[in-house]
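K.L.:
Structure incoming, see below.
The values are calculated or read from the model by the stated rules, or taken from the named source; none is laboratory data. Just so you know, these numbers come straight off a predicted model, no measurement behind them. Here Cβ is always computed from backbone atoms with ideal geometry, including for glycine, and neighbour counts include all displayed protein chains.
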C-alpha cells in the first residue's frame, strides 16, 4: 500500500473533527478504569479499525454517492482492509492489558460479528436498518474498555452514546431521513435519550 494512499485516507476519513469528537464522547462515556490512558488509546484504535472496515463495506454505495473517497478504488480498498485486520493483534493486546479476559473475548466477538454483518448480511438488510445495526458497535466499545465494572455504571452512558449517534446520522444523511420510518425512529431515539440523560449525568 502506498504511503500516499494511506496518508490521503487518514486525512479524509480519520483526521477529522467529528472523529475526535466521537473519541471524546466515548472516553467520557467509559467508566473510569485503572488506566485512563490505556482506555483512551484502545478506544481510538477501535474507532480507526472499525471505520476502515465500515468504509470497505460501504465502497459500493460510496462509488455512487461519494466517488472521491479513497475506498472506491479497489486496490486501495483491499490494502486498507488488510491494514485494518492487521490492527487486530495490537488491539487484542491492549484489550488483554486491561487485566480482564472478557474484554479480549468481547473484542474478538464484536470484530467477527461486524465482519459477518458486512460480508454476509449486507445484501439482505436495507441500508436504513443496516446503519442502525452498525451503530451498535459504539456502545460495545464503551463496554469493552470498562471490564470488571458494573453495567449499571457504564450502561446508561453506552445507551446515550448510541442514541446521540443515531440522531447524528439522521441529521447528516439525507438518504436516511427520506426513509418512511425515519420520523418514528428519530422521535423514539430523542425520547429515549431524554429518559437516559439523567442517569448519564448522575442526576
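K.L.:
Take segment 29-50 and flag every residue that is at pLDDT below 90, under 21 Å from residue 164 (Cβ atoms) and surrounded by fewer than 21 Cβ atoms within 10 Å (Cβ to Cβ).
P.N.:
31, 32, listed by residue number.
K.L.:
Still on this structure, I have one more. Being modelled with pLDDT under 90, in a helix (DSSP H, G or I) and either crowded, with 17+ Cβ neighbours inside 10 Å or under 19 Å from the mean Cα position of the chain (by Cα) (or both) is the filter here, so list the residues in segment 85-103 that pass it.
P.N.:
If the condition is that a residue be modelled with pLDDT under 90, in a helix (DSSP H, G or I) and either crowded, with 17+ Cβ neighbours inside 10 Å or under 19 Å from the mean Cα position of the chain (by Cα) (or both), then 85, 86, 103 are the ones that fit.
K.L.:
Determine whether residue 109 is within 15 Å of residue 91 (Cα to Cα), surrounded by fewer than 14 Cβ atoms within 10 Å (Cβ to Cβ) and either without any contact (Cβ under 8 Å) to a residue 60 or more places away in the chain or touching a strand residue (DSSP E or B) at 6+ places or on another chain (Cβ under 8 Å) (or both).
P.N.:
In short, yes.
K.L.:
Let me ask something else about it. With the checklist (1) surrounded by 13 or more Cβ atoms within 10 Å (Cβ to Cβ); (2) under 16 Å from residue 43 (Cα atoms); (3) out of contact with any helix residue (DSSP H, G or I) (no Cβ under 6 Å at 6 or more places or on another chain) in hand, flag the one item residue 125 doesn't pass.
P.N.:
Residue 125 satisfies all of (1) surrounded by 13 or more Cβ atoms within 10 Å (Cβ to Cβ); (2) under 16 Å from residue 43 (Cα atoms); (3) out of contact with any helix residue (DSSP H, G or I) (no Cβ under 6 Å at 6 or more places or on another chain) except (2).
K.L.:
Would you be able to tell me the number of residues in segment 132-163 that are surrounded by fewer than 20 Cβ atoms within 10 Å (Cβ to Cβ) and farther than 26 Å from residue 100 by Cα?
P.N.:
The number of residues fulfilling the criteria is 2.
K.L.:
Within segment 62-75, can one find any residue that is at pLDDT 85 or above, in contact with a helix residue (DSSP H, G or I) (Cβ under 9 Å, 6 or more places away or on another chain) and surrounded by 15 or more Cβ atoms within 10 Å (Cβ to Cβ)?
P.N.:
no
K.L.:
Report, by residue number, each residue of segment 151-164 that is out of contact with any helix residue (DSSP H, G or I) (no Cβ under 6 Å at 6 or more places or on another chain) and either over 10 Å from residue 193 (Cα atoms) or not in a helix (DSSP H, G or I) (or both).
P.N.:
Result: 151, 152, 153, 155.
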